[in-house]
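The values are calculated or read from the model by the stated rules, or taken from the named source; none is laboratory data. As the structure is a prediction and not an experimental result, all values here were calculated from the model. Here Cβ is always computed from backbone atoms with ideal geometry, including for glycine, and neighbour counts include all displayed protein chains. Keep in mind that these areas ignore ligands, DNA and RNA; they rest on the heavy atoms of the full protein, side chains included. Shrake-Rupley method; radii C 1.70, N 1.55, O 1.52, S 1.80 Å.
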Amino acid sequence: MTEKKDKKEVLYSLIGIAVLLIVIIILEKTIPSTSILFSVLKKGAIYSLAAVSMNLLNGFTGLFSLGQAGFMLIGAYAYAILTMPVTIKLSDSVYKYYDCIVGFQLGLIPSMIIAGLIAALFAFLIGLPVLRLKSDYLAIATLGFAEIIRAIFQWDTIGPLTNGANVLRKYLDLTDVTLPFSNIPFPPTLFIFIVAGICIAIIKMLIDSSYGRAFKAIRDDEIAAEAMGIGLFKHKEMSFIISSFFAGISGALLSMYQYTVQASQFKTAMTYEILLIVVIGGIGSISGSCIGSFLFIACNEWWLRFLDESSNNILGLNIMRSGFRKVVFSIIIMIIVLFFSKGIMGEKEISIKRMVDRLRRKKPKPAVEEGAK
Amino acid sequence: MLKINDLKVNYGGIEAVKGISFEVPEKSIVTLIGANGAGKSTTLRTIAGLIKPAAGTVTFQDEVITGKGPQEIVSRGITLVPEGRKIFPDLTVLENLRIGAYLRKDDLTDDLNWVYDLFPRLKERHWQHGGTLSGGEQQMLAVGRALMSRPKLIMMDEPSLGLAPLVVRGIFDIIREINKQGVTILLIEQNANMALQTADIGYVMETGKITMTGPGKELLANEDVKAAYLGKK
């Protein structure tokens, strides 16, 4: 019985995803690609992946970690350095003050995966000492490590690798994505959605597996989990590494989307943005993180833009000026936190099947017609 | 089956268990009774591998398991039902049970059916979150979860804690039933009366030492035990 239900659930989810992808294809065909809609969609999808990977740690394993921006930085740099064509590395156009020591270049997809793996490797090393800490102390330690990573990447001595504090650019970006075995450009928004979607689906499958159950058990009660024979350290480390792997991939996507990468961008503020998305979406809800991410990006970059334009001032009051949008944004966040104390989704997930069921119950007639067909 | 020899456990500077020895024969019910702070829970947690002892040995089925981690000990067939139940509140009942069998990779259907037979209430509520169950149901879930690892020895830390007398009776009926099906039981209780009635062998612990031992029924009749734990003069 439950298995049958699950199958239906999966079917509906697949249909939902297919519809979403088709909508994106149609949008990309009809609306000019310079529209802000696509910036919001792309960045929203990238932040969704970052937020879901953070949620795996904070929401599902109960590890309050604040190192996400650090791992995204590693992913972004690894991707940019690996995909930059050798001719550009050797010329003066990017590595102006250093001689680049990476004498090879890789394709887009392998670089992305290696970017994730390098972030995961760092997570493994950082996790060894840090994951023995609990709650607030873990947060402080991971925050510190993220800042240290950022500082190291800007360090002059490893300039031949990271170009010091200077910008990295001219690597493979979204315009370089092509359909397999051809030169036809791949729709960029669709590409980001597919990559982020695959990663989120993998995280979802992990959470539903027996490992995911063990993560949740550790979150609920460490002592009991240990008494059941769950190795605390091993599972925390596993969750930390996997989360960082996907954070690395989201960093790689971000560098593709931005066309340039600079370490100074990956400050603590970025981790807080992602944490905000996780909290507003609902700690322990994947769909919540995704919804939260798109709402956050859309509000921050698009819907509230008009507040910054002084030409919109009404009644002669001079309140609308650049920066005012941030004030309104903060108020919106406070209202959301007051009325949804557990986030928009709480711990629940969006279920297309449940929505369909509800629609059917409200309108019994169409359901009958459908049955007759 | 389980032999404890001169076990000493320290918490910081405090000696919680000061060298105790006792034995749990196969297929029996053994109980440790004693007041708060006597070192009962510490003893169980040490056997389960959650705490490292300062001295002494724990032998299970003729193999020394002292100082081994909880994973190793659970996979050898010793499972702890922790004090205060400690079920996972945000996991469903079924997920809680599956976690109990985390170290096993084989088919769980038989064991799930066994637990559901013992506790039909859990079957009715298998989709509910653990935190929404009543105290008695949570205790059932904690016992059921421990049984899912298919233990040879199950250790229970105060299963009657905070439960109504009628529910306590039900829990002890279940303990006897599980024992009849071949699982050895080591029980800690403050409810000395119920524990001694159920147990084959009882040990009385006081401030880290074992002060008295004997068959459960005998201890129940003992004047000192009566005075100290049963509230009779």
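At-a-glance table
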| quantity | calculated |
| --- | --- |
| Test result for A:ALA224, open to solvent by less than 40 Å² (accessible area, probe 1.4 Å) and in contact with a Pro (Cβ under 8 Å, 6 or more places away or on another chain) | yes |
| Criterion violated by B:THR213 - all others in (1) touching a residue at least 60 places away in the same chain (Cβ under 8 Å); (2) in contact with a helix residue (DSSP H, G or I) (Cβ under 9 Å, 6 or more places away or on another chain); (3) of a type in the set (Ser, Thr, Tyr); (4) crowded, with 20+ Cβ neighbours inside 10 Å satisfied | (4) |
| Within segment A:141-183, considering residues that are polar (S, T, N, Q) and free of Cβ contacts under 8 Å to residues at least 24 places away in the same chain, the one least open to solvent (accessible area, probe 1.4 Å) | A:SER182 |
| Criterion: at positive phi and either within 14 Å of chain B (Cβ to nearest Cβ) or not small (Gly, Ala, Ser) (or both) - qualifying residue of A:PHE186, A:PHE181, A:PHE193 | A:PHE181 |
| Helices (runs of 4 or more DSSP H) contained in segment A:186-293 and holding at least 3 residues within 21 Å of A:LEU143 (Cα to Cα) | A:232-258, A:268-281 |
| Segment B:99-119, subset within 10 Å of chain A (Cβ to nearest Cβ) and open to solvent by less than 10 Å² (accessible area, probe 1.4 Å), residue nearest to A:GLY212 (Cα to Cα) | B:ILE99 |
| Whichever residue in segment A:18-46 is touching a Ser or Thr at 6+ places or on another chain (Cβ under 8 Å) and open to solvent by 10 Å² or more (accessible area, probe 1.4 Å) and, among such residues, is farthest from A:GLY248 (Cα to Cα) | A:LEU27 |
| B:ARG125 being surrounded by 13 or more Cβ atoms within 10 Å (Cβ to Cβ) and away from every other protein chain (no Cβ under 14 Å) | yes |
| Residue ranges of strands (runs of 3 or more DSSP E) in segment B:10-88 with at least 1 members open to solvent by less than 70 Å² (accessible area, probe 1.4 Å) and more than 11 Å from every other protein chain (Cβ to nearest Cβ) | B:14-24, B:29-33, B:55-60 |
| Of residues in segment A:203-221 being open to solvent by 40 Å² or more (accessible area, probe 1.4 Å) and touching a residue at least 12 places away in the same chain (Cβ under 8 Å), the one nearest to the other protein chains (Cβ to nearest Cβ) | A:ARG219 |
| Failed criterion for B:ASN96 (all others in (1) part of a helix (DSSP H, G or I); (2) farther than 20 Å from B:ALA195 by Cα; (3) open to solvent by 20 Å² or more (accessible area, probe 1.4 Å) hold) | (3) |
| Residues being at pLDDT 65 or above, outside any loop (DSSP other than H, G, I, E, B), of a type in the set (A, V, I, L, M) and open to solvent by less than 70 Å² (accessible area, probe 1.4 Å) - total across segment A:314-373 | 6 |
| Residue in segment B:148-163 that is assigned to a loop (DSSP other than H, G, I, E, B), surrounded by fewer than 19 Cβ atoms within 10 Å (Cβ to Cβ), within 13 Å of chain A (Cβ to nearest Cβ) and within 18 Å of the chain's Cα centre (by Cα) present | yes |
| Matching entry among A:GLY231, A:GLY197 (being under 19 Å from the mean Cα position of the chain (by Cα), small (Gly, Ala, Ser) and open to solvent by less than 40 Å² (accessible area, probe 1.4 Å)) | A:GLY197 |
| Any chance A:ILE297 is more than 11 Å from every other protein chain (Cβ to nearest Cβ) and in a helix (DSSP H, G or I) | yes |
